[in-house]
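Below is one structure, written out as structure tokens; comments come after it.
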Amino acid sequence: MKQIRTFIAIKLDETINAALADLQRQLKAKAPQGSVRWVRPEGIHLTLKFLGDVPVNRIEEIKQALIQACVGFPAFSFSVGGLGCFPNPRRPRVVWVGVQEESGTLAGLQKAIEDGMEKLGFAPEGRRFHAHLTLGRTQRRASSGDARRLGQLVSETDIGELGQMEVRAVSLMKSDLKPTGAVYTRLAAARLEGT
């Protein structure tokens with residue numbers, strides 16, 4: 001049975017993508033050469049649940065569970081801003097930009113999706129949900145000194161708020177891993193209620 005690598009995410013609008021691309025250019029110019037594998041700006045999205053390799057014949061039930069999980073959630077907005085690293089600036093593995101959503105709708109939606117996918121047999125995430133957009137990942141071959149300098153750069157860079165966007169749908173995405181980076185395709189979208 002053919003398997004496809006899938007995840008559930010919120011696709012970003014062009015304004016946010018452009019702001020992230022601009023930020024990446026600024027960071028690339030200052031980060032130690034070759035220390036980060038940057039995510040292509042058009043590939044950046046807000047992941048709500050990573051499902052991994054899934055048999056093709058399960059896509060329809062996942063889609064239906066996603067639509068069900070989104071029932072009752074209104075369209076909402078979030079703002080993007082603040083730069084950070086996982087797990088911390090001393091040992092940066094992932095460089096990210098934060099996502100802020102004050103009403104709690106995003107956290108509730110993510111929990112409903114997590115619960116819906118758990119019913120289908122997908123293990124729940126061990127860590128608490130931390131809404132973020134991944135800009136890049138530290139290269140495995142980066143020296144500890146380069147990694148430290150990268151963490152310091154992230155800590156010292158104040159980006160403020162990059163923008164806001166409205167969320168009207170949640171997408172079930174397919175990820176094809178290519179030598180040039182992952183290519184993402186939307187398999188299905190679950191609309192949120194409201195305007």
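The values are calculated or read from the model by the stated rules, or taken from the named source; none is laboratory data. Quantities reported herein were computed from a predicted structural model and do not represent experimental measurements. Note that each Cβ is placed from the backbone with ideal geometry, even for glycine, and that neighbours are counted across all protein chains shown.
Considering the stretch 131-195, the qualifying strands (runs of 3 or more DSSP E), each wholly inside and each with 1 or more residues that are under 21 Å from L66 (Cβ atoms), out of contact with any Cys (no Cβ under 8 Å at 6 or more places or on another chain) and of a type in the set (D, E, K, R), run over 161-167, 169-178, 181-191. Only one of the listed residues (A131, A182) is closer than 26 Å to V54 by Cα, modelled with pLDDT of 90 or more and touching a Gly at 6+ places or on another chain (Cβ under 9 Å). That residue is A131. For the stretch 140-167, a residue qualifies if it is modelled with pLDDT of 90 or more, polar (S, T, N, Q) and farther than 23 Å from A18 by Cβ, and the qualifying residues are Q152, S155. Just one of the listed residues (A9, A107, A21) is outside any strand (DSSP E or B) and out of contact with any Phe, Trp or Tyr (no Cβ under 8 Å at 6 or more places or on another chain), namely A21.
Out of curiosity, is G84 modelled with pLDDT under 95 and in a strand (DSSP E or B)? Write out each step before concluding.
Numbers: modelled with pLDDT under 95: yes; in a strand (DSSP E or B): yes.
Yes: the conditions hold for G84.
Take the residues in the stretch 1-14 that are over 20 Å from K178 (Cβ atoms) and among the hydrophobic types (A, V, I, L, M, F, W, C), then tell me which one is surrounded by the fewest Cβ atoms within 10 Å (Cβ to Cβ). Only one residue fits best here, namely M1. For first residues located in the stretch 160-180 and in contact (Cβ under 8 Å) with a residue 40 or more places away in the chain and loosely packed, with under 14 Cβ neighbours inside 10 Å, partners that are assigned to a strand (DSSP E or B) and of a type in the set (A, V, I, L, M, F, W, C) and lie 6+ apart or on another chain with Cβ distances below 9 Å form the pairs E161/V80; E166/F76; E166/F78; D176/I4; D176/A182; D176/V183; L177/V183.
So that you can scan it fast, the table gives a plain yes or no per residue for (1) assigned to a strand (DSSP E or B); (2) in contact with a Pro (Cβ under 9 Å, 6 or more places away or on another chain); (3) surrounded by fewer than 16 Cβ atoms within 10 Å (Cβ to Cβ):
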site: I16; (1), (2), (3): no, no, no
site: Q33; (1), (2), (3): no, no, yes
site: L48; (1), (2), (3): yes, no, no
site: G72; (1), (2), (3): no, no, yes
site: S79; (1), (2), (3): yes, no, no
site: R91; (1), (2), (3): no, no, yes
site: V99; (1), (2), (3): yes, no, no
